[in-house]
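The values are calculated or read from the model by the stated rules, or taken from the named source; none is laboratory data. Small disclaimer: the values here were computed from a predicted structure and weren't measured. Every residue, glycine among them, receives a Cβ derived from its backbone with ideal geometry; neighbour counts consider all protein chains shown. Side chains are part of the model used for accessible areas, which takes the heavy atoms of the whole protein and leaves out ligands, DNA and RNA. Shrake-Rupley method; radii C 1.70, N 1.55, O 1.52, S 1.80 Å.
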Amino acid sequence: MELSHWQQCLEQLQEELTTTQFNTWIRPIQAKIEQDNLVLLTPNTFVLEHIEENFRQKITDILE
């Protein structure tokens, strides 16, 4: 997995979500590569929980 995959995911999410959803929930996510895995970091637990409940499957589907 590469950071470019995350960039492609961001581009697709930006097309699929409303501007408010994207800017509020997705834009704050930071990505890094750790041991050949893409790791997503959120600014706080609240954002993490919201992402897991509402966008995790969509993000996973796009990255696969």
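Taken together, the residues in region 29-40 that are under 19 Å from residue 57 (Cβ atoms) and outside any strand (DSSP E or B) amount to 1.
Has region 45-54 got any residue that is under 12 Å from residue 7 (Cα atoms), open to solvent by 90 Å² or more (accessible area, probe 1.4 Å) and either touching a Phe, Trp or Tyr at 6+ places or on another chain (Cβ under 6 Å) or not hydroxyl-bearing (Ser, Thr, Tyr) (or both)? If you could, list the steps in order and put the result at the bottom.
Going through region 45-54, the residues under 12 Å from residue 7 (Cα atoms) turn out to be none.
Within region 45-54 (the criterion being under 12 Å from residue 7 (Cα atoms), open to solvent by 90 Å² or more (accessible area, probe 1.4 Å) and either touching a Phe, Trp or Tyr at 6+ places or on another chain (Cβ under 6 Å) or not hydroxyl-bearing (Ser, Thr, Tyr) (or both)), the answer is no, since none of the residues qualifies.
From the list 35, 7, 12, the lone residue that is open to solvent by 70 Å² or more (accessible area, probe 1.4 Å), within 12 Å of the chain's Cα centre (by Cα) and free of Cβ contacts under 8 Å to residues at least 24 places away in the same chain is 7. Here residue 61 meets the list (1) surrounded by fewer than 11 Cβ atoms within 10 Å (Cβ to Cβ); (2) in contact (Cβ under 8 Å) with a residue 12 or more places away in the chain almost entirely, failing just condition (2).
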